[in-house]
Each structure stands twice: as C-alpha cells, then as structure tokens.
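The values are calculated or read from the model by the stated rules, or taken from the named source; none is laboratory data. Quick caveat, the model's predicted, so the values are computed rather than measured. Glycine gets a Cβ as well: all are built from the backbone with ideal geometry, and neighbour counts include every protein chain shown.
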Amino acid sequence: MGRYDRRRFLQLTGTAVGVATLGVGTATASRSDSRFFINLRDVDRSEIPDDVEIVHDLSQADVLVARGDQDRVAGTTVADRVIDRGDDRVGAVESRDGPTTDGKGSSHNHDGAPSNSEFQWDKREQDVSNDLTGKPGGGKSVHDVSTGAGTRIAVVDSGVYDAHPDLADVVNDELSENVSEDPYDWRPNGAGDHGTHVAGIIAATNSNDGPDGGVLGTAPDTEIVSYRMFSGQEGKQGDGYAGWVKAAEAGCDAINYSVGFPAPYVYPDREYEEEIDLREELRIAEQVAEYVRSQGTVIVNSAGNDELDMSGSHPEYGEILSIPTEAEGVFGVAATGPIGCGWGGKHSDNEEKWLTGNRLEDPTDSPAFYTNYGSAVDVSAAGGDADRDALDRIPEAERDLVYSTIVKTTYEDGPDDDEDEPVNRPSEIVDTEPGYGWKAGTSMAAPQVAGAVALVRSLRPDASVEAVESLIRETASDAPGGEAYHGAGHLDLERLVERVGK
C-alpha cells in the first residue's frame, strides 16, 4: 500500500456516513439553556430546580439527561456531547454507492454482473452460508447451525430504512423509536444511510428478487429494532444512551452502537463552549452500561477510526480516552479487511477465486489501516480496508470495503444525500431509493459481532451477557498483528456456532 495522507483521503472520499469516530463538541446553546447529564448518585433529585427540564429519565441507571442552567444543579453534572456527522473526521473512512435494488449500476465481467452477495467477502470468509457462492452442498455453514431466530438486536444510529427488500421482514416497527428531539419517526432523516448499512450487515435476508439478488446478514432471522439518535447531521450522546436503555427494556439481546469518540485527540485545538470532565463522562457511560447489562443486553461498540492506541497517550495531547469503548461493560470491536479482493489479479473476473489461494495482497483478518487498537479491543471483525492509492485509479478497489444495504433519500427541505452538503436538519422526505454500497470503518466491524450475539442467543437464549461475551472471545482466531489489534482474536463464526451448538 502506498504512502498517503489520511486527511487528503477523507477529503477525496467526501463526508463518510459512519460514526465510529466522531467530531464532537458541546451544545451550541448558552450555558443557561444547554443539555447536560445529572448523576443521581451524587445529586439529590428533590434538589433539582423546577426549571431544569428532564429530556430523558434514565434513573434506572441513576442518570438524567437534562436541559437548563447546569450551574444551578449542585453536585456532579457533565455537558452532553453533540456528535456531528457532517465533519470530515466522521466514522466510516470510505463510502461508495453501488447498484440500486433493480440492478442498475452494477459492474460487469465475463459472465455478467456479479450477484450482490458475491461482493460480501466478509460473509464468504466466515462461511456464513453456502448460498453466497452459488455452490450448495459445499459443507456445513454457520447458517446450518444458527440464523439468529428468536432474537432481537437494536441499532442505535441514524435510523434504518425498512422498505429495503432485504430488510423489509426484519425491522420491528412497533418497538422502533426516534430518541432524538425532532418530530419525525425512527427512519433515516438527514444523517445518511449508515444505520441501514449496519442493519444489513447484521440481518439482511437476501430477499431482493431483482436480477442481481440481495445481500445476506450474519443473522437473517433476528429482529432489528431501530432507535434513531441523529436529527439531521447532529446527534447527542444522551439520546444514544436513552436508546440503550429502551433497547434493554425492549428485550434486545444486543445493542449495536457504532458511535464514539477519542478525546481530546479528535479536535485538540477546538475551543469547547463548556469544559467536559472526561472521567465523569466515562462514569455516566459505565452506569448506563451497568443497567443495560443487568437486563441481559450486550453492548457492542466500534473502537474508532483514528489509528490510535487506546492503551496509551498522545505525545502532544495527553491521555487518549475513547468513549464509550473504554467504559466498563462495553464490548469493543476493531476492524480488519483485505487488500486485493476481486481486483489487481488474473482472476479478478472470477468471483469464486477472489478469496482463494494467495490472491489477496493482505488477508481479510489483517488490521485495517485506520482502526484504533489497544487494551479496549475485545475482538476484531471485518470492517473493510483500502489501498488508498488504488481507490483513485481502480474502481474495483472498493471491493475491499464492506458491501451492504443502503438508501438514497431526497428531502423536501435540503439537498440530496449524495451532494457535497448533506441535509443538516431533519426534513420531510420526498423520495427514497434502496440499493447497495460499500463502506469501511469500525462502524462496519461492530455489527458483525452484534450478529454473532444473535447466533449465540438463538441457541442459548438464557446465556448471560458475560457468557455470550466469553464465548465470542474464546472462539476468536489468531490474526496478524496480535493482541493489540485483535484483543482475544478475530471473530470466528464457524468456531463460535460449533462451540455453542454442542
């Protein structure tokens, strides 16, 4: 892989839609009208002034999300984070659209267009289903043991487009909810299709009857519950935690939370309106996580895309604290991916050979160039990688990214998703077009693990959070880069379901 400047890479690829590592700041309102957390372990609720509005009552975790004059609350409070997807440091490091669900825009080779599922190296390398290669009878697959039936996974994100043919049968519209403060529903509105891509990685059903078929998720028989925390391009951490609590109380087996930030590294020079006490913020995350886990729900979180060692400190900016990845009770996932999948070799026009022999420059379990690493990583999983020089020159180089479900949206009150300036506020939706696309980031790695939780809980519905996490760690495989990049190892679905299915 050639030398390449990461900031230039992000500028060339545009504003990505994932949110594994985010530009952050505090609310732009004045301190007398700002959002903040109240820690009820330090604050007597009866002493909170009447004019302080409670936005989210998370008292199950001894936490309130409030709005008002933070200075008037005696005791421990910490400003709520504003998470901005419109910034060039936003999560997924690459995002490219592919064909629509009717096949328009597909690339072609000697035997016609590859089926959509043939682009899914992340599922093929795990032997999720023999149907992915069009060769049934090729041995026992993961889905021969478990498909996630009877389980429920929450996606706390930008919303999930449930009219996509590969997601139409898996989203629970009664439980799904908008946890932001805008008046719209839980479907995507102004913050792109990141949540839809994540949901497809977990639970896509390959139900598209178009000429190129659909894509398949890790657990196609699980149920998805969408909690939309982003309103336009902005989301608030407090809304995310509200989604956690709602998911736990709805009986979700896991929460996929591809959101987070390392501070203060992301924007060390930004003048924050309010000083944020990172340790108190971490404490809030841990209290919410403690409650969620007590309800039997696993919290799966993306480790971030800033190439940071979360075990140490930055030589100029000091300690790196990645929230919520480093919170006790959060399962952190780093990203891996191949270089050379379906491009650059003599068999690039033969999908069956893309992953065989020595045709990959880097194997699928190699650490992605962008992934955070260190002691907060529990396991690694497929998030996609990129030869950043080749992406400018070779269209097929995008195949090293993760392929999943997307939606393109036209808004009444703003530009389309694919324009330079995405909608920065929620709006009425004029039109939607489901399709498929590539993204890379730890945002794409986390849902691989969330899907794995569904596979386990389908076979062992009474398994504790600790038992599920231990099974995933214990069955993970050794991978290049060792513990720093993979924690206990690289997610291995075959070994996992073999162990659980005994």
Quick one: which of ILE83, ILE54 is touching an Asp or Glu at 6+ places or on another chain (Cβ under 8 Å) and part of a strand (DSSP E or B)?
-> ILE83
Within the range 305-312, is even one residue crowded, with 23+ Cβ neighbours inside 10 Å, at pLDDT 95 or above and part of a loop (DSSP other than H, G, I, E, B)?
-> no
Any chance ILE202 is closer than 18 Å to GLN126 by Cβ and out of contact with any Asp or Glu (no Cβ under 9 Å at 6 or more places or on another chain) = yes
Scanning for something within 20 Å of the chain's Cα centre (by Cα), small (Gly, Ala, Ser) and at pLDDT below 65, does the range 110-119 turn up at least one residue?
-> no
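Yes/no per residue for (1) crowded, with 24+ Cβ neighbours inside 10 Å; (2) at pLDDT 90 or above:
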| residue | (1), (2) |
| --- | --- |
| GLY340 | no, no |
| GLY345 | no, no |
| SER348 | no, no |
| ARG359 | no, no |
| SER375 | no, yes |
| ALA382 | yes, yes |
| ILE394 | no, no |
| PRO415 | no, no |
Checked THR222, THR205 against criteria (polar (S, T, N, Q), over 14 Å from the mean Cα position of the chain (by Cα) and surrounded by 24 or more Cβ atoms within 10 Å (Cβ to Cβ)); the one match is THR222
What are the residues in the range 31-53 that are in contact (Cβ under 8 Å) with a residue 12 or more places away in the chain and over 24 Å from ARG279 (Cβ atoms), if any?
-> SER32, ASP33, PRO49, ASP51, GLU53
In the range 418-470, which residue that is modelled with pLDDT of 95 or more and assigned to a loop (DSSP other than H, G, I, E, B) is farthest from VAL292 (Cα to Cα)?
-> ARG460
From the options VAL17, VAL24, VAL78, residue that is at pLDDT below 95, in a loop (DSSP other than H, G, I, E, B) and buried (at least 21 other Cβ atoms within 10 Å of the Cβ) = VAL17
Filter pass, VAL179 being of a type in the set (A, V, I, L, M, F, W, C) and touching a residue at least 60 places away in the same chain (Cβ under 8 Å) = yes
Using the structure shown, decide if ILE406 is surrounded by fewer than 18 Cβ atoms within 10 Å (Cβ to Cβ), of a type in the set (A, V, I, L, M) and modelled with pLDDT of 85 or more.
-> no
Going through the range 482-493 in order, the residues found to be assigned to a loop (DSSP other than H, G, I, E, B), within 13 Å of VAL377 (Cα to Cα) and not aliphatic (A, V, I, L, M) are GLY482, GLY487, GLY489
Those residues of the range 285-302 which are surrounded by 18 or more Cβ atoms within 10 Å (Cβ to Cβ), assigned to a helix (DSSP H, G or I) and either on the phi > 0 side of the Ramachandran plot or more than 21 Å from the chain's Cα centre (by Cα) (or both), in sequence order = GLN287, TYR291
Within the range 27-45, residues at pLDDT 95 or above and loosely packed, with under 15 Cβ neighbours inside 10 Å come out as ARG41, ASP42, ASP44, ARG45
How many residues are in a loop (DSSP other than H, G, I, E, B) and either at pLDDT 95 or above or under 17 Å from the mean Cα position of the chain (by Cα) (or both) if we restrict to the range 316-326?
-> 3
Kindly indicate the residue of the range 236-276 that is assigned to a loop (DSSP other than H, G, I, E, B) and crowded, with 24+ Cβ neighbours inside 10 Å and also modelled with the lowest pLDDT among those meeting that condition.
-> GLY260
Which condition breaks for LEU496 when tested against (1) part of a helix (DSSP H, G or I); (2) more than 12 Å from GLN126 (Cβ to Cβ)?
-> (2)
Within the range 276-304, the count of residues that are farther than 17 Å from ALA248 by Cα and touching a helix residue (DSSP H, G or I) at 6+ places or on another chain (Cβ under 7 Å) comes to 3
Give the number of residues within the range 189-235 that are among the small types (Gly, Ala, Ser), part of a loop (DSSP other than H, G, I, E, B), out of contact with any Pro (no Cβ under 8 Å at 6 or more places or on another chain) and modelled with pLDDT of 90 or more.
-> 2
